[in-house]
Amino acid sequence: MKEQLAQIIRDLNLKGWSPATSTNYSFKDDQGQLWVSKSGRDKAYFEAEDFMTITDEGKGMGAYETVKPSDETLIHIKIYALFPETKVVLHSHAEGPVVLSMLESEQVAFQGFEVQKGFKGQTSHEDQIQIPIIENAQDMILFQSWMEERKNEFQHYCFIIKGHGTYAWGNSLFEAKRHLETLDYLCSCKLALKKIK
Ligand SMILES: [Zn+2]
């Protein structure tokens, strides 16, 4: 898992989705232990050794006790807590969703796009789906409380943080990646339509 996820992190960076060492990633191993990306790693050179184990409170544990995890570790922990079947959580600072989120309020709606089917359980382009937009916050405890309040809106394994980026998750690496890419693609399409109108 570590090597595969590290490769995906480098690939996502090539898309320009993790500028200036930003973004963070995590996975749950077969023993149920959470691993998260270390703080401040340049994602262009991200390696399997750049993950660290964390406690349920988001602190480094074991051999990593003195290592600083990503600033947004508590967001990852909350996703695993709300959706216990989750195995991988990915975060992106891709431009499309960030810009679109500044033009929308509490949700963004998509309808008519074939790629909506990239979200698990979604079988038709005809359904209108809503992706929640959560206000940005530096206070992670406050942000966790907003996630808790809006849990029922997380129907499509992802959300957008306003002016910040996206989070997507899944019960495998490839499912999480598909959800992240689906959301990014839909946001880019919607943004392109807004520019035309
Ligand atoms: Zn971020």
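The values are calculated or read from the model by the stated rules, or taken from the named source; none is laboratory data. In this text the structure is predicted, and so the values were computed from the model without any measurement. Here the Cβ positions follow ideal geometry from the backbone for every residue, glycine too, while neighbour counts run over all protein chains shown.
For first residues located in segment 32-48 and among the hydroxyl-bearing types (Ser, Thr, Tyr), partners that are part of a loop (DSSP other than H, G, I, E, B) and lie 6+ apart or on another chain with Cβ distances below 7 Å form the pairs Ser37/Asn24; Ser37/Ser70; Ser39/Lys68; Ser39/Ser70; Ser39/Asp71.
When we screen Thr66, Thr53 for residues that are surrounded by 14 or more Cβ atoms within 10 Å (Cβ to Cβ), away from the ligand (no atom under 16 Å from the Cβ), outside any helix (DSSP H, G or I) and over 16 Å from the mean Cα position of the chain (by Cα), the only hit is Thr53. Of all residues in segment 101-139, those satisfying the criterion of being in contact (Cβ under 8 Å) with a residue 60 or more places away in the chain, crowded, with 16+ Cβ neighbours inside 10 Å and over 13 Å from Thr182 (Cα atoms) are Ser101, Val108. Each residue in segment 69-111 was checked for being of a type in the set (Gly, Ala, Ser), part of a strand (DSSP E or B) and away from the ligand (no atom under 16 Å from the Cβ), and 1 of them qualify. For segment 140-150, the set of residues classified as within 19 Å of Glu85 (Cα to Cα) and surrounded by 14 or more Cβ atoms within 10 Å (Cβ to Cβ) consists of Gln144, Met147, Arg150, listed by residue number.
Restricting attention to segment 161-175, the residues that are within 20 Å of Ile8 (Cα to Cα) and within 16 Å of the ligand (Cβ to nearest atom) total 5. Here Ser26 meets each of (1) in a loop (DSSP other than H, G, I, E, B); (2) at pLDDT 95 or above; (3) not hydrophobic (A, V, I, L, M, F, W, C) with one exception, condition (1). Name the single residue that is surrounded by the most Cβ atoms within 10 Å (Cβ to Cβ) among those in segment 1-50 being more than 16 Å from the ligand (Cβ to nearest atom) and within 25 Å of Gly163 (Cβ to Cβ). My answer is Ile8. Listed conditions (1) touching a Gly at 6+ places or on another chain (Cβ under 9 Å); (2) closer than 22 Å to Trp17 by Cα are all met by His125, apart from (2). Within segment 16-32, the set of residues being over 15 Å from the mean Cα position of the chain (by Cα) and of a type in the set (S, T, N, Q) comprises Thr21, Gln31.
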